[in-house]
Amino acid sequence: MLRYFIHHRTLANLTLVLLVAIGLISLDRIRTQFFPDFVIESVRITLPWPGAGAEDVDQRVVSQLEPALRAVDGVSESTASASEGNAQFRLEFAPGYDMTVALNEVESVINDARDLPSDLEPATISLGWFRDRVTNVVIYGDLSLDALERRAETLTAALFAAGITKTSIQGISEPRVTLKFDPQTLEKYGVTLNDAATKLAGSFGDQPAGTMAGDRVRLRTAGQPLDELQDFALIALDNGTRLTVRELASVEYEGLDRGLALYYQGLNAVQIQVDRGEGGDAISIQDSVQSVVDQFNAEAVDGVQARLVRARAQAIKDRLDILIENGITGLIIVVCLLFLFLSVRTAFWVTVGIPTAMLATIAMMLAFGLSLNMISLFALIICLGIVVDDAIVIGEHADHLHRQGHSPSEAAYLGAKRMFLPVLSSSITTIIAFSGMFLITGTFGRLVGDIPITVALVITASLAEVFLLLPAHMFHALKGAERGGPAWYDQPSLWVNKHFDRFREAVFKPLVGRVVTWRYPTLAIGLGLIMFSAAALMDKTVGWRFFNAPERGTLTGNLMMVEGSDRADTRAYLDQMASALLTVNADYQREYGREAVQSWLFQVGDNSGRPISGANRVNADRLGGFDVELIDPDLRPYSAFEFIRKWQDAIPASDTVDTLQFRGDRRGPGGDGVSVRLSGADFRVLKQASLALQNELNRIAGVSAVEDDLPFDKTEQILSLTPEAQALGLTAAGLAKQLRDQLDGISALTLPTDGQSFEIRVAISDALRDQDYLQRARIPLPNGDYADLASLATWRSDRGFASLQVENGQRVIRVSGELADDPVQQAAIQTQIREQLLPALALRYGVNTEMSGLAQQEREFLSEAVVSFMVCVLAIYLTLTWIFSSWTRPLAPILTIPLGLVGVIWGHYAHGIPLSMFSVVGFIGMAGIILNDTIVLMVRIQELSGHQSFHAAIVQGASDRLRAVFLTSLTTVGGLTPLLFETSRQAQFLKPTVVTLAYGLGLGMVLVLLMTPAMLAIGHDIRRALVSARRAPGVIARARRIQALR
């Protein structure tokens, strides 16, 4: 096939054009996103138990169901939470498990459960679906919420027509009317709240009444219109008097802003969240949204405007542009290096192979369902040098054979044939090295999982290009060179190679000869460098920071007011926060000439982003939240956390504020800077341990936003029936329902009106639901009479917890917090927590302690990375034993891997950055790349050792392969050089990998060229010693026989 490609006039170019065309089409269609999608197969179960406290839910529901749900086949992780009125379960399943089977098994467990509360409502079971927010669209203006809602519905319909279906409107609540009665009035007329709700439900709203005339006519009864609600006769007395709602109750109307209310830069606002499903392209979706919004704004006549906020796709574009620009610059550097060291014709066809292989890779990525993201694009940049390496080796060897007298056709053919084994073996070892990342599981395993796939696809495409297309192109290049001889444009490469050859013969070759002669001191120097570098890591001269998520320009501020505050109080304090924000923003504009804030939005009725611990247990009117979008991090010399500190200092303190909490937003996986998992048998002991730990953490400088996920609940009054109540036929469940109806109210009916749902509720007056309620409450009895609650029940006070967590059968509580940006300070704090605080806590309270969150993921990642590295080394060793047909010779290239560590450590030191998980990822991949140089070197030495002494073969082989090793390493480092000096903060989390590869391969190349000859010579000494040892008995015996003959 190879000869056929070489001699066919058009096949190689036709294949080239086809690959490029398919790649360009795929480039236009491939999905783009920030990080790879993390899809976790899961099932969520919710079981409502109205009125029940968290501890009752834990004992009666969670404790009954959690063990059985955890035992369902395929479950890999089980979490459960008990909160007021709800039990929630989340089951994660092993990848690839049949979720239809899982759903059926979960439903079976729920249906078969016994001893559950009789008034437990039916379970809601749902599969976890992937959704990722693309952008939010804020619709704002100086209009009422009614008008904004109509405009939001119009915009949502326009988005749907444009193919954007995953949208949800926020900031609008269903209107509600609550009829509030005086219980004494109801008792006077012998009517209960439930009677009132039933009467309303039967009188308002249309009701179906069947069909007639052979199903051709449908009947329905028309209910009374809502505008007649206050005049509706709720009670009819025996004397004919009719008492209306107006006479019996106060009517309270709550509008569209009764729940979550949004205000964009002080104006009423409604927000549309746009999501994408798995497989959705964030950039194309956002472009479509922007187009629809532009049309919406152009047609606006009432001052209403729409704007995209927190647009992730723009961040994706910006970050991908950074990598693309650096990739293009790296490609230019690589091409320049090729034209300096290779003839123009050879360099040209080697260069053509780069975009061909890359575009073919894009096509395969599209076919395999991969996306173009920060990780996969970075892998493509890494592969720039790898792609060039194969082409250089084959192209240079073909050129070498042609200079030795072979015909262009034969030189092209033999160049590919003779280099097939070295190139294939180096490609296999590179794929093996990167494939070790598949052994890393969890969040970070999924994060870096695109790297080995992308590398494997690039190498596959590269092998096809260099063994099928490049020989054909080299044939024509050599044929052209044969006709005309060296051209003027080859003069730069001729000059470079002339001086390079002079260096090789005058400097490098004698140096390798001395290295072979002084091989043992050389090995000692290499080992000393490795140990010295390891010492720099151990004494923290070079630091460590597991994962440095790229900062984004979004931050949140959450507010919880003290008990007794109303919605107006919350809004007033949010206005003060807004005023402080504008003041700080003006200060930044004066100092830096540019405003720090792009947009801001606050809300009443809920927290923003991650809520304050315990926010779900308080009245929503006490909650507020801020979303602030800063300018791009690359456009400001300060971090979001510095801005937060200034904003926080500018906000006036107030006794009406219970909790004020700020968080910066970082993109990527991971967890809290501080996350401690406490587990034990008793939640109250766990809470005591948590409070003690929080107290210690709050004393440490650099730790903020400390909280746990076990907040105290509201005060609980536990009622017990008296014997008299039981004698009257009253049950605990019946009493609970009566109290729940009075205190929480009853939803009488929900009616559709003007595209909305309008709820009518009945309840007792707010003034009667105070601390004295239990003393004056009257309860209807089964016989129709009423009695004081005080005569029917006794009660005692207690205070439980708002939410209880169970993970894999263990009661747990998590203490979390944020850390300062300084990696050295972070490491010191983590060490203090792990070595001082947690052992003391475990000893004092008898609880189990564990660093969780980011620290836990770090432990798991590093342990798996070590296993991955060992498996890769073993697989590479076995591959090399096949290539060299020897069990001992592969040890030399394997032992060169630690030499790359020297460059890795001091490269990080030179750039002043700590090692990170991406350094580990880079080192695993570098292990395969650095072996390529060693393999090429050893194959040549093995060829020469057949007709000259081994030491001479080492010296000559190293000299022969100097240019190939030097050029392949130089092009790989050159391709990474732009990223090495990239200043954008959004690419800094990738820089440890770049430093690892650039310095590891750069310095590693020098060490390989010197240490490999020394190790091969030492290996030869050992083999000779072993041979001598095996021959020694025979030699001694022969000497004795000769001595005996004398």
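Derivation of every value follows stated rules applied to the coordinates shown; laboratory data play no part. Keep in mind that this is a model prediction, so the values were computed, not measured. In this analysis, Cβ positions are derived from the backbone assuming ideal geometry, glycine residues included, and neighbour counts consider all displayed protein chains.
Here the range 48-121 and the range 619-698 have alpha carbon centers that stand 31 Å from each other. Computed over the alpha-carbon atoms, the range 504-656 gives an Rg to Rh ratio of 1.39, Rh here being the Kirkwood radius from the mean inverse distance. Across all Cα pairs in the range 362-503, the calculated P(r) in 10 Å bins from zero up to the longest distance comes to 11, 32, 28, 19, 9, 1 percent per bin. Treating r as the C-beta distance of Glu278 and Asp772 and R0 as 60 Å, the FRET efficiency rounds to 0.65.
Which whole-number percent gives the relative contact order of the chain, counting Cα pairs below 8 Å spaced six or more residues apart?
Values: 1763 pairs, mean separation 176.4, N = 1046.
Averaging sequence separation for qualifying contacts and normalising by length gives 17 percent for the chain.
In a DSSP loop and with at most 10 other Cβ atoms within 10 Å, the trypsin sites (Lys or Arg not before Pro) in the range 561-596 are Arg594.
For the range 692-831, the Kirkwood hydrodynamic radius comes to 20.1 Å, computed from all pairs of different C-alpha atoms.
Give the order of His473, His911 when sorted by the count of other beta carbons within 10 angstrom, beginning with the fewest. The partial results should precede the final answer.
Working: His473 24, His911 15.
Lowest to highest Cβ neighbour count: His911, His473.
Taking each residue as 0.36 nm, the span from Val1006 to Glu325 lengthens on full extension beyond its C-alpha to C-alpha distance by 242.2 nm. When the charge dipole of the chain is built from unit charges on Cβ atoms (+1 for Lys and Arg, -1 for Asp and Glu) and taken about the Cα centre, the candidate among Phe641, Met1, Val101 whose Cα reaches farthest toward its positive end is Met1.
Length gain on complete extension for the stretch Gln207 to Ser1028, per 0.36 nm per residue less the alpha carbon to alpha carbon distance?
Details: separation 821, 0.36 × 821 = 295.56 nm, distance 10.45 nm.
Separation in residues times 0.36 nm, less the Cα-Cα distance, equals 285.1 nm.
Relative to the 2.2 N^0.38 Å rule of thumb, the chain has a C-alpha radius of gyration ratio of 1.21. Could you check the spin-label model distance between Phe368 and Leu424? Points 7 Å from the Cα along Cα→Cβ, value in nm. In this crude label model, Phe368 to Leu424 measures out at 2.1 nm. In summary, the lysines within cross-link reach of Lys166, defined as a Cα separation below 26 angstrom excluding same-chain residues under 8 places away, comprise Lys317.
Here the calculated FRET efficiency for Val685 and Ser797, from their Cβ-Cβ distance with R0 = 35 Å, stands at 0.95, rounded to the nearest 0.05.
The loop-placed GluC sites (Glu not before Pro) in the range 274-349, going by DSSP, that have at most 14 neighbouring Cβ atoms within 10 Å of their Cβ come out as Glu278. If only the Cβ of Lys and Arg carry +1 and only the Cβ of Asp and Glu carry -1, the dipole of the chain around its Cα centre is close to 6980 debye. When the GluC sites (Glu not before Pro) in the range 577-653 are filtered for DSSP coil states and for at most 16 other beta-carbon atoms within 10 Å of their beta-carbon, the remaining sites are Glu595. Cα convex hull, the range 40-129: 82 Å³ per residue, rounded to a whole number. The order of Val496, Val388, going from fewest to most other C-beta atoms within 10 Å of their C-beta, is Val496, Val388. Evaluating 6.51 cos²θ - 1.76 cosθ + 1.60 at θ = phi - 60° for every residue in the range 944-951, the Karplus couplings come out as 6, 5, x, 9, 7, 4, 5, 5 Hz, glycine and proline recorded as x. Across the range 958-1014, Cα-Cα distances exceeding 20 Å account for 33% of all pairs. Each part gets one Cα centre, and for the range 853-890 versus the range 408-453 those centres are 15 Å apart.
Quick one: Debye curve from the alpha-carbon atoms of the range 26-72 only, equal weights, vacuum; give me log10 I(q)/I(0) at q = 0.16, 0.19, 0.26, 0.28 Å⁻¹ to two decimals. Debye curve over Cα of the range 26-72, log10 I(q)/I(0) at q = 0.16, 0.19, 0.26, 0.28 Å⁻¹: -0.64, -0.75, -1.04, -1.10.
Simple spin-label estimate for Leu635 and Ile1042 gives 9.0 nm between the two label positions (7 Å along the Cα-to-Cβ direction from each Cα). Each DSSP beta bridge with both residues in the chain is either parallel or antiparallel, and the antiparallel ones are about 95%. Placing dummy labels 7 Å off each Cα toward the beta-carbon, the span from Asn848 to Ala236 is 6.7 nm.
Normalised by the number of residues in the range 551-666, the average gap of Cα pairs under 8 Å and 6 or more apart makes the relative contact order 49 percent. Subtracting the Cα-Cα distance of Arg590 and Phe348 from their residue separation scaled by 0.36 nm leaves 81.8 nm.
How high is the FRET efficiency between Leu143 and Thr977 when r is their beta carbon distance and R₀ equals 45 Å, given to the nearest 0.05?
Details: r = 55 Å, r/R0 = 1.22.
Rounded to the nearest 0.05, the efficiency is 0.25.
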